[in-house]
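Before any comments, here is the structure.
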Ligand SMILES: [Fe+2]
C-alpha cells in the first residue's frame, strides 16, 4: 500500500504516529538508553524532516575560513530600536502587544553577553511578510516581523513585538502551527549558531504539532514554551513572556537543528 499524500493524512493519523515514536523513546529509556534533548533528525510525522538534515558524513572545517564567507551581523551596526518590532513603520501593527525577554546562558548557567539574537515571526493573523507565504490571511502594512538585539553584560535580551497567530502548513490535512517566534543566537562564531523556536503557554496546538513534538523527551521540549511573567508586562500596554536560552552543556535548552 502506498503512503497517503499530505492531503489524505489526517491529524488523527499524525497524532498516532507521534505517540508511536514517543512510546518507542520511552521504551528505549527503560532499556537504559540516554535521554535525548535534540529533535529527532528523521521524525516521520514531520514529513519533510528527511529533506532537512545532511545525509552524508559531516566534514570538519576550519572555523576561521568559514567566517570569511558566512553571513555577518548585517550591513550596519545593531541599533537599539531594532528590538522593537512595533515601531518599524508609520502606524502600529495590529494584534496583542507583548514583551519577550530572558537571558542567554551557557551550559554552566553563566550569562553570555554581547551576543546577536535575531527573531522573525508571522503577524497577528498568522502570515509572514514573505513572498512564499501566500495563504489567505491579511498582511499588516505596519509589521515586518523581523528584529534583532545584542545581549547585555548579563546575557539579557528583550524584544517588543505582537503575538503571532497560528498558520496552516502542508504537512497534513488541516495542519496548523502553534503560535511561535523563530530565534537565532550567534555564539562567538558562525558555526556555533543556534536556531530554534519559542512557543506560548497553554496553546492547544502544541500537542498536535509534529515539529514541536519532534523533540521526543518532554523535559527539553517544554523548555521551548515561554512563561507568562506579570512582572514583565507593561501596565496598560503589553503582556510579558520570559524565555531563557541555554546554549550548551549538561542542561541545554534543546533544539537547534531543523526547527
Ligand atoms: Fe514559523
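Pairing each residue of the range 108-121 that is within 15 Å of residue 196 (Cβ to Cβ) with any residue that is within 16 Å of the ligand (Cβ to nearest atom) and assigned to a loop (DSSP other than H, G, I, E, B), provided the two are 6+ apart or on different chains, yields C-beta distances under 6 Å for 120/145; 121/145; 121/164.
Based on what the data block shows, is residue 91 within 16 Å of the ligand (Cβ to nearest atom), at pLDDT 95 or above and either touching a helix residue (DSSP H, G or I) at 6+ places or on another chain (Cβ under 9 Å) or in a loop (DSSP other than H, G, I, E, B) (or both)? No; evaluated as a whole, the condition is false for this residue. Among the residues of the range 161-177, at least one is assigned to a loop (DSSP other than H, G, I, E, B), surrounded by fewer than 16 Cβ atoms within 10 Å (Cβ to Cβ) and within 14 Å of the ligand (Cβ to nearest atom). Flag: residue 238 does not match the condition of being at pLDDT 95 or above, touching a strand residue (DSSP E or B) at 6+ places or on another chain (Cβ under 8 Å) and within 16 Å of the ligand (Cβ to nearest atom).
Looking across the range 177-189, just one residue is farther than 22 Å from residue 240 by Cα and in contact with a helix residue (DSSP H, G or I) (Cβ under 6 Å, 6 or more places away or on another chain), and that is 189.
Scanning the range 134-160 for residues that are in contact (Cβ under 8 Å) with a residue 24 or more places away in the chain, surrounded by fewer than 21 Cβ atoms within 10 Å (Cβ to Cβ) and within 15 Å of the ligand (Cβ to nearest atom) yields a total of 4. For residue 67, are the conditions met, namely being exposed (fewer than 15 other Cβ atoms within 10 Å of the Cβ), more than 16 Å from the ligand (Cβ to nearest atom) and modelled with pLDDT of 90 or more? It is false that residue 67 is exposed (fewer than 15 other Cβ atoms within 10 Å of the Cβ), more than 16 Å from the ligand (Cβ to nearest atom) and modelled with pLDDT of 90 or more.
Just one of the numbered conditions (1) in contact with a helix residue (DSSP H, G or I) (Cβ under 6 Å, 6 or more places away or on another chain); (2) without any contact (Cβ under 8 Å) to a residue 24 or more places away in the chain is not true of residue 173: (2).
The values are calculated or read from the model by the stated rules, or taken from the named source; none is laboratory data. Not measured: the values here are computed from a predicted model. Using ideal geometry, Cβ is built from the backbone for each residue, glycine included, and neighbour counts are taken over all protein chains shown.
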